[in-house]
Amino acid sequence: MKKLGLFLAACWIGISSCAAQSRTEYVAPENTQFRVVGYVPGYRDLDAVPDRTLAQLDIACYAFATIDSTGIPRVANEKQLARFVRRAHRLGVKVMLSFNGKHARFAQMASDDRQRKAFVDEIWRLVQRYHMDGVDNDWEYPLGSDGSGQGNLLLMKELAKKCREGRRQYYLTAAITPGKYVGNATAGIPDELFDYVDWFNVMVYDDYSETREGMHHSTYDLMLESVDYWVGQRGLPLSKFVVGLPAYGVPSGIRRSGNTRDYNGIIRAGGSCMGDVAMITSTQHPSPYPVYYNGIRTIRAKTAYALGNGLGGVMFWEIAGDRHDDLSLVAAAYDQVQSQEAASPSKEEKHGKRK
C-alpha cells in the first residue's frame, strides 16, 4: 500500500509538472527594450514614405492580413509586402505581420480547433515566406460576452508556440483598447494573455464624440488613464505597455466619417505642427470645424513619459499619414528618445540597444 501511495504521488507530480510546463513553455521573454513602432498599411502608397522616416522605426507592422469568409488571412498584395520587408530590413527595421478583419469571422475561427489551426498555419506561411520578424493581432475586439476572448487566448497561445518553439525567436504583440471604458472589450483580454505577448500596442486614441463638442480624442490625460487601468488595476507589466500615438485628427460634435484628416493634411490645411487643434473644412462639412490631433509638442511629451516611466515604447497609427520633413511626428518621437537616452546613460543601458 505504501508503494502504491508513492507511485500515485509520483504520477501526480509528473502530471502537475507537465501541466505547468504547458502553461509556461511559450511565454514571452522579458521586454527590455524601448521601441518606436509604426503601422504601415498596405493600401497606402508606401513609396511615398521615405527611408528617412522608415529608418526611425524599430518595428514596422505591415497592415493587414485580413481574415476572409473562409477564416483564412489574406494579404491583398503579397508582392508589395515582399518589397517592403526587403526595404525595411536593409534599413535595420524589423517587420511584423498584423492581421485584422470582421469580428464574427474571428469569433468563429477562434472557437474551432481546425479553423484556428488553419489560420495560424497560413499566418506562419506568410511570416516564413517573406522573412518577417513576428505577428501582431489587430482583432478589434475579442469580447468577454460571447466567449471570443477565450478563443483569442487560444489563438495567441498557438501563435506563441510558433514564435518561440524554434531556435529563432519571433515577436508576438496585440493592439488593444485604451481601457478608459471598462466593459466588453477589456473583458476580452484575460490577464493570462499578458504572459504570452511581448507587448501590447495600446490604442490611446479615438476617444471622441459625434454629439459632444470640444472632446479631444487623444489627450495626455487619456494616456495616464490607460496606464492606470492596464498597469495599475490589471497588473500588466510596464514594459509591455506601448503607447499608441495618432498621426491623424478627429472632429468632435459632428459626424466623423469624411471629416477626419491625417496629420500631413492638417498641416497642409494650415494647422500648427506644435498645436493640438486646427480649423479645417471637408467636402462633407464645408463650414470650418475643429479637428483634434497630436502635434510635435504632445508627441514629445508622451514619448518622454513613456521612456521615463519604463514603458515598452510608442506606436504610431499610421506612418503614411505623417509629414516626412522637419515637421514629422515620427521624427519628434525618435529625437525625444535619442536625447533622453543620451542624457541618461543608465536608462539606455536598462532598455538595451534599440535596433
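The values are calculated or read from the model by the stated rules, or taken from the named source; none is laboratory data. Since the structure is predicted, the reported quantities are computational estimates derived from the model, not experimental observations. Using ideal geometry, Cβ is built from the backbone for each residue, glycine included, and neighbour counts are taken over all protein chains shown. Ligands, DNA and RNA are excluded from the accessible area calculation, which covers all protein heavy atoms including side chains. Shrake-Rupley method; radii C 1.70, N 1.55, O 1.52, S 1.80 Å.
Roughly how many whole Å is it from the C-alpha centroid of the range 23-74 to that of the range 251-285?
26
If you take every DSSP beta bridge fully contained in the range 239-336, what fraction is antiparallel? Give it as a percent rounded to 5.
Restricted to the range 239-336, the bridges split so that about 60 percent are antiparallel.
Taking K and R as +1 and D and E as -1, what net charge do the other residues with C-beta under 14 Å from the C-beta of K180 add up to?
Within the 14 Å Cβ shell, the charges total -4.
Pull out a ≥ b ≥ c, the square roots of the eigenvalues of the alpha-carbon gyration tensor of the range 81-133, then state rounded if a/c is under 1.5, prolate if not and a/b is larger than b/c, and oblate in the remaining case.
Verdict is prolate for the range 81-133.
Need one number: % antiparallel among DSSP beta bridges in the chain, to the nearest 5.
Among the beta bridges of the chain, antiparallel pairing accounts for roughly 25 percent.
Over the range 247-350, give the accessible area per residue in Å² for a 1.4 Å probe, as an integer.
I get 40 Å² per residue for this part.
For the range 286-346, just say rounded, prolate or oblate: build the C-alpha gyration tensor, square-root its eigenvalues into a ≥ b ≥ c, call rounded for a/c under 1.5, and beyond that prolate if a/b exceeds b/c, oblate if not. It would help to have the intermediate numbers written out before the result.
On the way: a/c = 2.59, a/b = 2.10, b/c = 1.24.
The shape class here is prolate.
Could you tell me which label, among (1) 21.5, 88; (2) 21.2, 75; (3) 21.4, 64, carries the value of Rg and Dmax of the Cα atoms in Å calculated for this structure?
Step by step, Rg and Dmax of the Cα atoms in Å for this structure corresponds to label (1).
Over the range 81-210, average the accessible area per residue using a 1.4 Å probe and give it in Å², no decimals.
Value returned for the range 81-210: 41 Å² of accessible area per residue.
So what is the 222 nm mean residue ellipticity for the chain from helices alone, if each DSSP H run of at least 4 adds -39500 (n - 2.57) and you divide by all residues, rounding to the nearest 500 deg cm²/dmol?
Mean residue ellipticity at 222 nm (helix-derived): -11500 deg cm²/dmol.
Counting only protein heavy atoms and a 1.4 Å probe, tell me what percentage of the chain's accessible area is made up of carbon and sulfur. The partial results should precede the final answer.
Values: 8270 of 15960 Å².
Answer for the chain: carbon and sulfur cover 52 percent of the accessible area.
Any idea what the relative contact order of the range 197-321 is, in percent, if you count C-alpha pairs under 8 Å spaced at least 6 apart?
Dividing the mean separation by the residue count of the range 197-321 yields 30 percent.
Estimate the FRET efficiency between T283 and D146 by the formula 1/(1 + (r/R0)^6), using the beta-carbon distance for r and 51 Å for R0, to the nearest 0.05.
0.85
For the cross-link pairs K79/K162; K117/K162; K117/K157; K162/K240, which exceed 18 Å when the distance is taken from alpha carbon to alpha carbon?
Among K79/K162; K117/K162; K117/K157; K162/K240, the Cα-Cα distance tops 18 Å for K79/K162; K162/K240.
Among all helices in the chain defined by DSSP H, which have a length of 27 Å or more along the axis from Cα atoms plus a Kyte-Doolittle mean of at least 0.0?
What comes out of the filter, once short or polar helices are dropped, is 2-24.
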